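Participant: Sending over a structure as structure tokens; questions will come in a sec.
The values are calculated or read from the model by the stated rules, or taken from the named source; none is laboratory data. Because the structure is predicted, anything quoted here is derived from the model rather than measured. Because the Cβ atoms are built from the backbone with ideal geometry, glycine has one as well, and the counts that use them run over all protein chains shown. To get the accessible areas, we keep the full protein, side chains included, count just its heavy atoms, and leave off ligands, DNA and RNA. Shrake-Rupley method; radii C 1.70, N 1.55, O 1.52, S 1.80 Å.
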Amino acid sequence: MRVVVVGAGLAGLTAATDLDAAGADVVVLEARDRVGGRTHGIEVAPGAWVDAGAAYLGDRHTELHKLMAGLGLSATPTAMRGDSRFALGHGGKTRAGRFPPLNAVALGEMFDLLHDLTYGPDTPSDTMTAADWAAANLPHPDARLFFPLFLGEMMAADPAAISVRHMAFYLRSGGGIRYLNAFEGGAQQDRVLGGAHQVAERLAEQLGDRVRLARPVHAVDQSGGRVVVESGDLRVTGDAVVMAVPPLLAEAVDYRPGRPAPRATAVTGRGCAVKAQLVYDRPYWQEQGLSGWSVSATGPLLSTVDDSPPQGGAGVLTGFVTGAEAYRFAGLTPAAREAGVLRQVRELFPQLPPPVAVHVTDWVNEPYSKGCYAAVFGPGDWTRLGPHLTTPHGRVHWAGTETSTEFFGLMEGAIRSGHRVAAEVLSLEGKQ
Ligand SMILES: Cc1cc2nc3c(=O)[nH]c(=O)nc-3n(C[C@H](O)[C@H](O)[C@H](O)COP(=O)(O)OP(=O)(O)OC[C@H]3O[C@@H](n4cnc5c(N)ncnc54)[C@H](O)[C@@H]3O)c2cc1C
């Protein structure tokens, strides 16, 4: 059986590895000149790598942990010791722990409401946005201030662009709001030592020349007996195709014959995040009793976190620009972006020396990601798209984190979708 896998992110490479292990003849076509998709490492000092894309994982991300162990990779705890900095409208404040200096009862009620949101018949109507939900359910100004910051940090989503049903689904799929929001004991507990990009790189190494880079697929033709995948003048014929690309990108491919229903609509958003990484000789903030964690009500950096490589060599403060702010920021010149980042870090951490380097990774304008962390389903999307996200179209099968009901949007969801789609394709062997 010959299977063409489109996309060499974690989903595509997991599927290709499973298919290969089961004896299928696999070819992976990847648009970029690198593997890993939404995981991407940057070497900020000799031997010191940081995650410009996905970074964090928790104990419940069991398939990722299994994969890492098999590839000789290990996890390292995310540093989160010391005081946090907050700039939430009343000047800068330093506080122990991560809880913001806002009305604790109002924020507690907000977290309880989000915890209780169900995904199912009792979810508020699919036409309601998260912004509508907040307006109806969060009377306290502190909860209204914090909600978009929290949603931006967790989902890189603008409340006005995401349906409340998708928010509820995401929370459930990720293990609940408390797990998703937590560092120790939660979804941000660890990082991959040396960078998450290594997972895809090592999977690709094992697949060798079956992974072909710089091969953007533009058409999938199954009008003949088998299926032909087209990338420029290259035609690869197979018995099945795995489309392991985000739904908005899969939608741009020409399918012959056409599909009965779309997998993304005009209100499907891209998620939007830019990561700004400030590199220092060492993590000076730790010497000042600070964790590097900060939350700000105004951009560009809505939060920062200490992402220093644990083996030393550099101190790295990662800033997140998310939600609507990411679109504004991504439209600035590189010089204006850097100036904005430096100004804000000077205000947040006035004792720090200037960084030795600033790396800005703009996922908003990445043509082969179309935003991040993951697709954001807008009002009405779940009703229209839900059933079609995973239903095969003839010989075309769908993978990617957006097809996973468990840990949607995360590396774990991508890997689970890769295992699921490989089993789906293998179960058809000899039946087509
Ligand atoms: C800034 C950022 C932070 C994140 N933080 C975290 C985190 O801390 N923890 C976590 O678990 N997750 C995080 N994520 C999400 C995580 O990266 C993704 O869920 C996961 O990597 C998605 O994998 P995937 O294989 O489904 O898709 P992708 O990684 O997007 O892979 C799809 C691949 O398909 C390729 N492609 C696209 N179109 C075509 C085409 N037409 N032809 C051929 N190839 C094509 C792309 O180049 C890409 O390589 C983050 C993402 C980003 C961007």
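Participant: Leaving out ligands, DNA and RNA but keeping every protein chain, what accessible area does Arg215 have, in Å² rounded to the nearest 10, with a 1.4 Å probe?
Facilitator: Ignoring ligands and nucleic acids, Arg215 comes out at about 70 Å².
Participant: I would also like to ask the following. Heavy atoms only, 1.4 Å probe, whole protein assembly: order Glu43, Glu184 by accessible area, highest first.
Facilitator: Ranking Glu43, Glu184 by accessible area, largest first, yields Glu184, Glu43.
Participant: Leaving out ligands and nucleic acids, note down the accessible area per residue over the chain with a 1.4 angstrom probe, in whole Å².
Facilitator: 38 Å²
Participant: Please state the shape class of region 105-176: rounded when a/c is under 1.5, otherwise prolate if a/b exceeds b/c and oblate if not, all from the C-alpha gyration tensor.
Facilitator: In terms of gyration-tensor shape, rounded.
Participant: Same structure, new question: How would Asp25, Asp209, Asp158, Asp362 rank on accessible area, largest to smallest, probe 1.4 Å?
Facilitator: The ordering from most to least exposed comes out as Asp209, Asp25, Asp158, Asp362.
Participant: Under a 5 Å amide H to amide H cut-off, with H placed in plane at 1.01 Å, what residues pair with Ala273 once short-range neighbours are removed?
Facilitator: Amide H neighbours of Ala273, under 5 Å, 5+ apart: Trp363, Val364, Cys372.
Participant: Right, here's the next one. What ranking of Glu287, Glu30 comes out by heavy-atom accessible area, probe 1.4 Å, highest first?
Facilitator: Highest to lowest solvent-accessible surface, that is Glu287, Glu30.
Participant: While we're here: Once the convex hull of the alpha carbons of the chain is built, what does its volume come to per residue, in cubic angstrom?
Facilitator: Dividing the Cα hull volume of the chain by its residues yields 134 Å³.
Participant: A further question on this structure: Near His61, within a Cβ-to-Cβ distance under 11 Å, what is the net charge of the other residues, with Lys and Arg +1 and Asp and Glu -1?
Facilitator: -2
Participant: Provide the per-residue ³J(HN,Hα) series for region 196-204, in order, calculated from phi with Karplus coefficients 6.51, -1.76, 1.60 and θ = phi - 60°, each as a whole number of Hz, with x at glycine and proline positions.
Facilitator: 5, 4, 5, 4, 5, 4, 6, 4, 5
Participant: Can you grab the distance from the C-alpha centre of region 46-105 to the C-alpha centre of region 123-173, Å, no decimals?
Facilitator: Region 46-105 and region 123-173 have Cα centres spaced 22 Å from each other.
Participant: So, taking all protein chains as they sit and a 1.4 Å probe, how much accessible area belongs to Asp112, in Å² rounded to tens?
Facilitator: Per-residue accessible area (Asp112): approximately 70 Å².
Participant: When the accessible area of the chain is split by element with a 1.4 Å probe, what percent falls to carbon and sulfur?
Facilitator: 54 percent
Participant: To check my understanding: the extent here is largest minus smallest coordinate of the Cα atoms along each principal axis. What are those three numbers for region 1-139, in Å, largest first?
Facilitator: Answer, in whole Å and largest first: 58, 49, 27 Å.
Participant: At a Förster distance of 25 Å, what's the computed FRET efficiency of Ala214 paired with Arg259, Cβ-Cβ distance as r, to 0.05?
Facilitator: Taking R0 as 25 Å, the efficiency between Ala214 and Arg259 is 0.40.
Participant: Using all Cα-Cα distances in region 222-276, what percent lands in each 10 angstrom bin from 0 up to the longest?
Facilitator: Pair shares across the bins are 18, 45, 24, 11, 2.
Participant: Then there's this: Between Thr127 and Arg226, what FRET efficiency follows from the Cβ-Cβ distance if R0 is 60 Å, with the result rounded to 0.05?
Facilitator: That gives a FRET efficiency of 0.90.
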